[in-house]
1. Show the residue pairs that are 6+ apart or on different chains and have beta-carbon atoms under 8 Å apart, the first residue being within segment 31-42 and at pLDDT 90 or above, the second being in a loop (DSSP other than H, G, I, E, B) and loosely packed, with under 11 Cβ neighbours inside 10 Å.
2. Give me the pairs, please: first residue somewhere in segment 1-13 and within 11 Å of Glu24 (Cβ to Cβ) and modelled with pLDDT under 90, second residue anywhere and of a type in the set (Gly, Ala, Ser) and surrounded by fewer than 10 Cβ atoms within 10 Å (Cβ to Cβ), beta-carbon distance under 9 Å, and either six or more positions apart or on two chains.
3. Would you confirm whether any residue within segment 22-29 is out of contact with any strand residue (DSSP E or B) (no Cβ under 7 Å at 6 or more places or on another chain), loosely packed, with under 12 Cβ neighbours inside 10 Å and either in a helix (DSSP H, G or I) or modelled with pLDDT of 90 or more (or both)?
4. Would you be able to tell me the number of residues in segment 30-40 that are exposed (fewer than 10 other Cβ atoms within 10 Å of the Cβ) and either outside any loop (DSSP other than H, G, I, E, B) or touching a strand residue (DSSP E or B) at 6+ places or on another chain (Cβ under 6 Å) (or both)?
5. Counting only residues that are in a loop (DSSP other than H, G, I, E, B) and out of contact with any helix residue (DSSP H, G or I) (no Cβ under 9 Å at 6 or more places or on another chain), which one in segment 9-21 is surrounded by the most Cβ atoms within 10 Å (Cβ to Cβ)?
6. Test Val6 against the criterion of being of a type outside the set (D, E, K, R), exposed (fewer than 10 other Cβ atoms within 10 Å of the Cβ) and under 17 Å from Arg83 (Cβ atoms), and give yes or no.
7. State the number of residues belonging to segment 43-52 that are under 11 Å from the mean Cα position of the chain (by Cα) and touching a residue at least 12 places away in the same chain (Cβ under 8 Å).
8. Scan segment 55-92 for residues that are modelled with pLDDT of 70 or more, closer than 27 Å to Glu43 by Cα and surrounded by fewer than 10 Cβ atoms within 10 Å (Cβ to Cβ) and jot them down.
Amino acid sequence: MSKHGVILADAKSSMKGQVTIPAEIRQRLGLEPGGSVQFLANENGEVRIIAKHKDISHLFGIFGPATETIDVEEAIMDAVWARNRPDRTEFDV
């Protein structure tokens, strides 16, 4: 791991297009055996891997107090876009 907390790991794709996610990356994602991931690709050819969790307890409170009904899928995509927007630098919070 670099001094900036970034991991660079290589993997090869199989004849079927399958790729094994390196152990360091699985650990960083908290990805358990049999777990699922989502791929987020932008128009620049960059791809991010997001571990899907079986429960939603890790999301508790992320939207603040409930004051109105919201479309959860849209809110999640808005949050993902904000975190991965093209003008965001590696060190933005």
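1. From segment 31-42, the pairs are Asn42/Pro86.
2. Every condition considered, the pairs that remain are Leu8/Ser2.
3. Yes: one or more hits.
4. 1
5. Taking the candidates together, the pick is Thr20.
6. yes
7. Residues meeting the conditions: 5.
8. Within segment 55-92, Asp71, Glu73, Glu74, Pro86, Asp87 qualify.
The values are calculated or read from the model by the stated rules, or taken from the named source; none is laboratory data. This is a predicted model, so every value here is computed, not measured. Every residue, glycine as well, gets a Cβ built from its backbone with ideal geometry; the counts of neighbours run over all protein chains shown.
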